[in-house]
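Report on one structure; see the data block that follows.
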Amino acid sequence: MATILPADKQRFIDELIDLLKIPTISADSKYNDDIKKGASWVQNALSKAGCTVTEIFPTKGHPIVYGERLIDPNLPTVLVYGHYDVQPPDPVELWDSPPFEPIIKKTDLHQEGAIFARGACDDKGQMYMHIKALEMMVTHGELPCNVKFMIEGEEEVGSDNLELFIQEHKEKLANDVILISDTGMISNTQPSITTGLRGLSYMEVVITGPNRDLHSGLYGGAVANPINILTQMIAQLHDDNNRITIPGFYEGVEDSSKEERAEMAKAPFSLEDYKNEIKIPAVHGETGYTTLERNSIRPTLDVNGIWGGYTGEGAKTVIASKAHAKISMRLVPGQDWEVISDLFTKHFKSIAPESVSVEIIKHHGGQAYVTPTDNIGYQAAHKAYAETFGTDPIPQKGGGSIPIVPLFEDVLGTKSVLMGFGLDSDAIHSPNEHFGLFNFFKGIETIPLFYKHYVDLVNENKN
Ligand code: BES
Ligand code: MN
Ligand code: MN
């Protein structure tokens with residue numbers, strides 16, 4: 001396989017910087033024009049890299065970009081999925097440099113430099129590796145099979161319109177394996193391949209007490225304070241062992257085998273480094289499970305935001321009429337996100353005192369996902385990482401969610417291989433998100449090897 005020429009390296013970085021400058025924030029309609037710009041940018045990049053057909057599909061939400069290079073119907077087809085939309089950069093004041101003015105800086109873990117910008121790792125940088133890998137394969141006459149790209153603009157808001165799109169375009173998207181770089185790996189010296197994603201159920205709750213904000217002296221003590229009530233209710237959602245108290249929540253959760261847990265415990269992990277990196281004095285979680293287990297194979301419930309009452313300068317004595325919270329649950333195989341959303345709703349209503357009313361809004365969700373390691377897509381990825389990193393990658397379940405991945409399997413019938421190159425410390429969704437140049441180029445070198453090994457394994461399996 002060809003290595004990347006220095007001049008190409010610089011050009012690849014410059015191109016990615018160009019893409020990172022477009023604020024493709026899917027959650028905020030103020031950026032709809034930038035989303036469109038981002039979609040055309042990706043379409044153009046796909047066609048320059050060697051896609052013979054490229055299209056933009058408008059949806060009810062943000063457009064989906066499609067591209068293909070089909071060389072022979074008898075060869076396998078890889079479908080690459082990624083997203084060009086990004087999370088809002090807030091809180092912007094915590095960024096050391098503006099989120100849409102990419103700059104390259106060294107970090108402790110990225111001695112060769114990292115690009116700092118919203119979307120650098122999640123997912124523009126990782127998605128762009130696939131476009132450059134295609135360019136490399138086409139330029140060197142090394143593309144061994146058919147390739148299709150589907151790059152969406154609504155991943156960060158739940159991929160609401162992608163499900164319909166894949167149902168309506170099954171033929172067009174037909175493939176043998178789906179390849180995705182939208183996850184991470186353990187470290188730059190110990191690669192890993194993500195074999196699982198958690199599911200998600202995202203809820204919003206509103207507690208209403210009196211019909212208007214009240215003077216807390218005139219009414220305090222005699223009227224339910226929705227903020228007090230909301231926090232009491234939230235506190236009841238975990239028991240003393242940090243287990244979730246919603247009846248039926250753990251029903252169906254398959255307990256991991258001793259073997260799987262022993263295997264997980266072998267992954268290099270330093271609790272001290274973990275605590276140090278995010279500056280916490282101690283970890284916290286479900287009794288009986290390790291930190292790595294807690295953040296990957298166990299379900300969780302977290303408040304993502306909570307608001308109500310007076311939060312401005314100084315003091316205002318008030319009992320607010322309403323209190324709000326956004327609450328999400330990460331789910332594992334055996335849990336169904338819609339069932340969990342209903343169990344949450346029922347339980348949350350049941351623990352409310354008579355003095356308030358409760359409104360519950362269901363946001364998006366999705367099922368958990370597993371890529372088995374005996375799958376040839378997984379094995380091809382394993383060989384590819386082993387070659388470029390010079391060390392065997394380890395399978396590792398990830399704690400994050402990509403809700404569309406299990407739907408790909410349901411609708412298109414194929415497995416997804418999660419070849420991530422980010423690090424947990426790359427600060428995705430946080431201020432100062434970045435992506436290492438080492439990781440970017442390793443990705444571009446590893447992806448063509450995936451294609452090669454995948455096609456070889458398909459052929460071996462035929463014989
Ligand atoms: N790329 C992430 C998911 C991810 C990151 C998985 C790292 C594993 C490791 C994706 O863009 C994401 O942020 N997903 C959301 C869910 C979505 C419905 C908003 C998530 O996990 O919170
Ligand atoms: Mn992502
Ligand atoms: Mn994300």
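For residue 48 and residue 379, calculate 0.36 nm times their separation in residues minus their Cα-Cα distance, and state this gained length in nm to one decimal. Spell out each step's value before the answer.
Numbers: separation 331, 0.36 × 331 = 119.16 nm, distance 3.02 nm.
Extending this stretch completely gives an extra 116.1 nm.
Order the peptides 141-152, 174-185, 44-55 from the highest to the lowest mean number of other Cβ atoms within 10 Å of their residues. Please report the intermediate quantities before stating the final value.
Numbers: 141-152: 21.5, 174-185: 23.2, 44-55: 17.7.
Highest-to-lowest ranking by the protection proxy: 174-185, 141-152, 44-55.
Suppose only helical runs count, i.e. DSSP H with n ≥ 4. What mean residue ellipticity at 222 nm does that imply for the chain under -39500 (n - 2.57) per run, divided by all residues and rounded to the nearest 500 deg cm²/dmol?
Details: 12 runs with 148 residues, N = 463.
Result for the chain: -10000 deg cm²/dmol, rounded to the nearest 500.
Can you find, among 216, 95, 181, the residue farthest towards the positive end of the dipole of the range 83-216? Put +1 on the C-beta of Lys and Arg, -1 on that of Asp and Glu.
So the residue we want is 181.
Can you tell me what percent of all Cα-Cα pairs in the range 8-120 are more than 25 Å apart?
Numbers: 2057 of 6328 pairs.
Within the range 8-120, distances greater than 25 Å cover 33 percent of Cα pairs.
When the solvent-accessible surface of protein heavy atoms is calculated with a 1.4 angstrom probe, in what order do 212, 243 fall, highest first? Before the final figure, lay out the partial values.
Details: 212 130, 243 85 Å².
Listed by decreasing accessible area, they come as 212, 243.
Would you kindly derive the ³J(HN,Hα) couplings of the range 103-114 from the backbone phi angles with the Karplus curve 6.51 cos²θ - 1.76 cosθ + 1.60 (θ = phi - 60°), listing them in order in whole Hz, with x for Gly and Pro?
9, 9, 9, 7, 10, 3, 8, 10, 5, 8, x, 9
Per 10 Å bin, what percent of the C-alpha pairs of the range 40-96 does each bin hold, from zero upward?
Binned Cα distances yield the sequence 19, 38, 25, 14, 4, 1.
Provide, in order from the shortest bin, the percent of all Cα-Cα pairs of the range 347-463 in each 10 Å bin, continuing until the bin that contains the maximum pair distance.
11, 29, 30, 15, 8, 6, 1, 0
Filter the GluC sites (Glu not before Pro) in the range 202-287 to those in DSSP coil with at most 13 other Cβ atoms within 10 Å of their Cβ, and list the result.
On the way: sites: 204, 251, 254, 259, 260, 263, 272, 277, 286; in loops: 251, 254, 286.
Hits after loop and neighbour filter: 251, 254.
Using alpha carbon centroids, what distance separates the range 181-257 and the range 312-367, in Å?
So the separation of the two Cα centres works out to 8 Å.
Regarding the range 96-155, what whole-number volume in Å³ per residue does the convex hull of its Cα atoms give? Write down the numbers at each step before the final one.
On the way: hull volume 7.7 nm³, N = 60.
Here the figure is 129 Å³ per residue.
Give 124/279; 279/415; 275/452; 279/326; 124/258 a once-over and call out the pairs whose C-alpha atoms are over 30 Å from each other.
Details: 124/279 28 Å; 279/415 37 Å; 275/452 40 Å; 279/326 25 Å; 124/258 38 Å.
Flagged as over cut-off: 279/415; 275/452; 124/258.
Taking the Kirkwood radius as the inverse of the mean 1/r across Cα pairs, report the Rg/Rh of the chain. Before the final figure, lay out the partial values.
Numbers: Rg = 23.5 Å, Rh = 23.7 Å.
We get a ratio of 0.99 for the chain.
Enter the accessible area of residue 15 (Å², nearest 10), with the probe set to 1.4 Å and all protein chains included.
The value for residue 15 is about 40 Å².
When the gyration tensor of the range 80-223 is built from Cα positions, what are the square roots of 5 times its three eigenvalues, in whole Å, from largest to smallest? Numbers along the way, then the final one.
Working: eigenvalues 341, 122, 41 Å².
After scaling each eigenvalue by five and taking roots: 41, 25, 14 Å.
Per residue, how much accessible surface does the chain expose to a 1.4 Å probe? Answer in Å², no decimals.
On the way: 20840 Å² over 463 residues.
Averaged over the residues of the chain, the accessible area is 45 Å².
Net charge near residue 356: determine it from the other residues with C-beta under 11 Å of the C-beta of residue 356, scoring Lys and Arg +1 and Asp and Glu -1.
Numbers: positive: 322, 349; negative: 354, 359.
Charge balance in the 11 Å sphere: 0.
Going through the range 429-463, which trypsin sites (Lys or Arg not before Pro) have at most 15 other Cβ atoms within 10 Å and a DSSP loop state?
On the way: sites: 442, 452, 462; in loops: none.
Of the trypsin sites (Lys or Arg not before Pro), not one in the loops of the range 429-463 has a Cβ with at most 15 other Cβ atoms within 10 Å.
Between residue 462 and residue 71, with labels modelled 7 Å along Cα→Cβ, what's the label distance in nm to one decimal, could you check?
1.4 nm
Starting at 0 and stepping by 10 Å, how many percent of the alpha carbon pairs of the range 58-151 end up in each bin?
Taking every Cα pair in the range 58-151, the percentages come to 14, 34, 29, 19, 5, 0.
Treat each spin label as a single point 7 Å out from the Cα along the C-beta direction, and report the residue 101 to residue 391 distance in nm.
Simple spin-label model gives 3.8 nm for this pair.
Using the crude model of +1 on Lys and Arg Cβ and -1 on Asp and Glu Cβ, and no other charge, please compute the dipole size for the chain relative to its Cα centre, in debye to 20.
Details: 40 positive and 64 negative charges, 76 e Å.
The calculated dipole for the chain is roughly 360 debye.
Roll a 1.4 angstrom probe over the protein heavy atoms and tell me the percent of accessible area of the chain that is carbon or sulfur.
On the way: 10310 of 20840 Å².
Ligands and nucleic acids excluded, carbon and sulfur give 50 percent.
The values are calculated or read from the model by the stated rules, or taken from the named source; none is laboratory data. Source: prediction; values computed, not measured. Virtual Cβ from ideal backbone geometry, glycine too; neighbours counted across all protein chains shown. We work out accessible area using only protein heavy atoms, side chains counted, and drop any ligands, DNA or RNA first. Shrake-Rupley method; radii C 1.70, N 1.55, O 1.52, S 1.80 Å.
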